[in-house]
Amino acid sequence: MEETNVNIRPLRVDVGPGERFLKVQDAVRYCEGLPERPAVIHIRPGTYYEKVELRRGNIVIEGEGAERTVITYDDCANAVMPNGEKRGTFRSYTVLAAASDVCFRDLTVENSAGPREGSGQCVALYAEGDGILVERCRLVSCQDTLFTGPLPAKELLKNGFVGPTQGAPRVNGRQYYFDCYICGTVDFIFGSATAYFEGCVVESILRPGYVTAASTPEGQKYGYVFNNCRFIGDKNAAPAYLGRPWREHARTVILRSYLGEHIRDDKWHDWGKEQAHTTAYYAEYENTGPGAAGPGVPWAHVLTPEEAREYTLERIGCPEWVKNMRTGG
């Protein structure tokens, strides 16, 4: 994309006397020089074509509406870099948030590389940390849209985890997605975090796919929880599974949500890992819509009211910072 095609607007950083920047990354870099101070980066309407990396906590990045404030880039896993290596999934992100106590609000994070032929995985948001809040945002890509770190303990293929947190300790983070729109085809919500999705629209697009691919570590009580969400398919959407286990102990629970007609009757896929029938945990509670009527698989669960009460934000232990920062009520 040529820079002349980008609608650039000044940013405001609410630390200090009215700083202005033309690039989001420049504002982030400025804030990283003030590590002891809370910071708010306010992004004015426009399209910002750049790759953003955030590595300090206690920061808010907010736009002026998800439809009006867009951060976009077009890296993809199968792109060949100057050194001859493929970029790989975990270097394809548009925005990297490798920090705790971070909030994104009222903006779009997009990876525009897909669905062109051969692009492979195209991460929009790479989120790894504790106390990450994503509120009223659009996360847009084709495959592997949202990565909720950390990575699994071990890679299955050599160099499969090459990227910004490849060598980092695997520390579980708690993430909260409120009133967001997330779209994609295959495994477009994936990772090991405890992530709570509330009031979100989750749209399957284009071809047959899988909504989630959790890699919940063994012994971790919570993986993905969706509460009062809408799982829909666009006009081209083919049948989709609610999830499959990236690792054998994947945990995904969907409560009080609408499941569209694109959801397959069997709902869950084992990814060829028969052991996941006993190690993974997939469950539903009081879902509605045509996709809710399917029988599912014998190794999935239907929660009782008492069991469903375990899947609240309070039980999961959402950090106070997230509760205090949320403006959506």
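The values are calculated or read from the model by the stated rules, or taken from the named source; none is laboratory data. Every value quoted in this text rests on a predicted model; they were computed, and no experiment measured them. With ideal geometry, Cβ positions are generated from the backbone for all residues, glycine too; neighbour counts draw on all protein chains shown.
Data for the structure
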| item | result |
| --- | --- |
| Residue match in the range 104-124 (condition: touching a Leu at 6+ places or on another chain (Cβ under 7 Å), under 20 Å from LEU151 (Cα atoms) and without any contact (Cβ under 8 Å) to a residue 40 or more places away in the chain) | yes |
| Members of the range 99-128 found to be surrounded by fewer than 22 Cβ atoms within 10 Å (Cβ to Cβ) and farther than 18 Å from ALA66 by Cβ, listed by number | ALA99, SER100, ASP101, PRO115, ARG116, GLU117, GLY118, SER119, GLY120 |
| Positions within the range 59-77 being modelled with pLDDT under 95 and surrounded by fewer than 18 Cβ atoms within 10 Å (Cβ to Cβ), in sequence order | GLU64, ARG68 |
| Of the criteria (1) within 26 Å of TRP268 (Cα to Cα); (2) buried (at least 20 other Cβ atoms within 10 Å of the Cβ), which one GLY199 fails | (2) |
| Test for LEU54: is it touching a Gly at 6+ places or on another chain (Cβ under 6 Å), crowded, with 16+ Cβ neighbours inside 10 Å, over 19 Å from GLN143 (Cα atoms) and touching a residue at least 12 places away in the same chain (Cβ under 8 Å) | no |
| Unmet requirement for GLY33, which otherwise passes all of (1) on the phi < 0 side of the Ramachandran plot; (2) at pLDDT 90 or above | (2) |
| Check on PRO152, surrounded by fewer than 23 Cβ atoms within 10 Å (Cβ to Cβ), of a type outside the set (Phe, Trp, Tyr) and within 24 Å of ALA240 (Cβ to Cβ) | yes |
| Residue count for the range 22-51, restricted to those that are touching a residue at least 12 places away in the same chain (Cβ under 8 Å), among the acidic types (Asp, Glu) and in a loop (DSSP other than H, G, I, E, B) | 1 |
| Residues of the range 203-214 satisfying the condition of being assigned to a loop (DSSP other than H, G, I, E, B) and surrounded by fewer than 22 Cβ atoms within 10 Å (Cβ to Cβ) | LEU206, ARG207, PRO208 |
| Residue list for the range 253-282, filter: touching a His at 6+ places or on another chain (Cβ under 7 Å) and either among the small types (Gly, Ala, Ser) or assigned to a loop (DSSP other than H, G, I, E, B) (or both) | ASP270, ALA280 |
| Flag for LEU157 being over 20 Å from ALA98 (Cβ atoms), touching a residue at least 40 places away in the same chain (Cβ under 8 Å) and outside any strand (DSSP E or B) | no |
| Selection count, the range 301-329, where residues are under 23 Å from ARG244 (Cα atoms) and either assigned to a helix (DSSP H, G or I) or in contact with a Leu (Cβ under 9 Å, 6 or more places away or on another chain) (or both) | 6 |
| Residue check for GLY219: without any contact (Cβ under 8 Å) to a residue 40 or more places away in the chain and either farther than 18 Å from GLU284 by Cβ or among the small types (Gly, Ala, Ser) (or both) | yes |
| Subset of the range 224-252 (residues that are in a strand (DSSP E or B) and either over 16 Å from the mean Cα position of the chain (by Cα) or of a type in the set (Gly, Ala, Ser) (or both)) | ILE232, GLY233, ALA240, TYR241, GLY243 |
| Residue satisfying condition, being more than 14 Å from ILE182 (Cβ to Cβ), of a type outside the set (Asp, Glu), at pLDDT 95 or above and surrounded by 20 or more Cβ atoms within 10 Å (Cβ to Cβ), within set PRO245, PRO217 | PRO245 |
| Single match in ALA276, ALA292, ALA280, ALA300 (criterion: surrounded by 15 or more Cβ atoms within 10 Å (Cβ to Cβ) and within 12 Å of PHE231 (Cβ to Cβ)) | ALA292 |
